1. Can you give the log10 of the normalised intensity I(q)/I(0) at q = 0.21, 0.25 Å⁻¹, computed with Debye over equal Cα scatterers of region 226-299?
2. Quick one: helix 521-537 against the long Cα principal axis of the chain, what's the angle to the nearest 10°, folded into 0 to 90?
3. In debye, nearest 20, what is the charge dipole magnitude of region 307-552 about its Cα centre with +1 on Lys and Arg Cβ and -1 on Asp and Glu Cβ, if you could check?
4. Scan region 160-201 for GluC sites (Glu not before Pro) in coil per DSSP, keeping those whose Cβ has at most 16 other Cβ atoms within 10 Å, and list them by number.
5. Please identify the chymotrypsin sites (Phe, Trp or Tyr not before Pro) of region 360-442 that satisfy two criteria: DSSP loop assignment and at most 15 other Cβ atoms within 10 Å. Which are they?
6. Determine the relative contact order of region 307-552: mean sequence separation of Cα pairs under 8 Å and six or more apart, normalised by residue count, in whole percent.
7. Once both labels are modelled 7 Å past Cα along the beta-carbon direction, what's the Asp364-Ala224 spacing in nm?
8. Can you tell me the length gained on complete extension of the stretch Arg339 to Ser83, counting 0.36 nm per residue apart and subtracting the Cα distance?
Amino acid sequence: MENGQDALSQGNHGLHVVHKLGAKSSVHAGAQLGKTECINNVVGYMIAHAPGPALFVQPTIEMAKRLSKQRLDSLIHETPVLSEKVAPARSRDSGNTMFSKSFDGGILLLTGANSATGLRSAPCRWVLLDEVDAFPADVDGEGDPCALAERRASTFSRRKIILTSTPTVKDMSRIETEYLASNQMRYFVPCPHCGQMQWLEWKNIRWRDSDPRTAAYACNSCGAHIPEHHKSEMLRRGEWRATATAEDPRTVGFHLSSLYSPLGWKSWEEIVTEFLRAKSDPPLLKTWTNTVLGETWEEETGAKMGAEGLRDRAEFYPADEVPAKASIVTCGVDVQDNRVAIGLYAWGEGEESWLLNHFEIFGDPASKKLWDQVDDVIFRTYKKEDGTQLKVSATGVDSGGHFTSEVYAYCRERAKRGVFALKGQSQRNKPAIGKPSKVDINYKGQVLKNSAQVFPAGVDTIKTTLFARLKLNEEGPGYIHFHAAASPEYFKQLTSERQVVRYVKGFAIREWKKKPGDRNEALDCFCYSYCALNYLYMRFNRSTIFEQFAKAQEPKDEPQEQKRVESPYQPTRRRVSRRPSSSFVTNW
Ligand SMILES: [Zn+2]
């Protein structure tokens, strides 16, 4: 089959990349440019010339299934050199199934980036990651699916890790990040007029009178217009050249836009036609930029809050000291593999808030020692400016990482002291805290009497609240205060995410995203701390809660009332029945 796609990927004019692959390679390209074909060719090359165990990851299991059925099977079937090596699917013990193809000297495993189980397969010399910008940021709470898959190859000195994708949103694109860390190869072609080697850029495409039929390429050097019929010859005489020096010389990156599509596939005329149609319609223009130019889209509506700006407005109050206007302290705990991050915030009327402290405690979350140190933080007393003392009223602990059962156990034992397990929910429009579910089940499948509870935390909602509040310029309701001792890293992490718009069938969907590889624990801790404040709303009258807590802290002649509020985690039912009060929420 000699269509444009095959011509591109099989390299009869030199665009092929198989022989230039490094230990880690990224292919950053427009859609329908034969990128998937290219990765299929890598599969073909691997089976025929460099066999070994290989893992091929698609964004989802469903897509892996489709790839296997619609592309790989026909690739193998139609290529004699491959079908000789791969056992036919019909024979029962061939080891050839939808998700696994055995061949002489190796095995090809297919999976989706949404399956942590699939990504934890045996060690693999080849790891192929296709459409990485469509991968989830986190898979089953086990972290970045790319990192999980890449780990499979770490024991092979002659490993090949290949990432491909059509890019998406600027600063949020995995493939762009990989490409920028590479030697940034571009395909240079000669100008038929002056011979100058150059890579094809959209800004050099010219047309007259809004007529796409006049599209031509203006040479970077002599300026002469190059009609499209020269393209085949230019591509044939072209070569890949690095335009940057990679930090790791084994990292190579390829970028191709649809301007390189071979004749008969996608013409410059079509590209100009599509541009003219899309130019005043942002969703269309984004798609065009991603798929035709193979470039990321800069989101103008993104709410990116500068870490610098926040640092500039930090105030001089001591860390760990509760300002006079605050009456409640909550804590958020983010659990990582070798540490916990802790965010302590004080809250006052109208949810005006103050950062008390943010820090990390290093240690093994499976060890008691680390949790003893967390106890020290959340059960100590915090001094107010006027000398009164208060304790942390609620603490939300993230149970979404690798230490779920440790977190459950820790929170179960401290439930009466306001410590609860939570799990972040990224869906939009969820409440800051939702209805808890019981999580301890015995071997018979029955819920244990003293079961731990886990509360869903609407982190998407909380982030929207946070970023809106960070924009406030005046102290008062909603305003967030920071103390000057907070580190630059704290501010960087707090503002590590931004809202990006994804278009699905023309509808804009806004979601919070962080740049792959960036840390965001300070942001998570704020979210959990705010979730903990909302946890108190389930137990106290929201409209008077700050007043109630403030009252309880004053040494006054209402000892009974004071006692009630100071220890809200005595069995609630008894308290409420003794003196039914509208100030206690009784629905839990
Ligand atoms: Zn020229």
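1. Those come out to -1.00, -1.12, one per q.
2. Between the helix axis and the principal axis of the chain, the angle is about 40 degrees.
3. Dipole size: approximately 1120 debye.
4. Here the GluC sites (Glu not before Pro) that fit, given the DSSP loop and packing criteria, are Glu201.
5. Phe379
6. Once normalised by length, the contact order is 25 percent.
7. Going by the 7 Å Cα→Cβ label model, 7.2 nm.
8. 87.1 nm
Laboratory data are not the source of any read-out in this text; all were calculated from the coordinates shown. The structure displayed is predicted, hence computed values, not measured ones. Neighbour counts run over all protein chains shown; Cβ positions are idealised from the backbone, glycine included.
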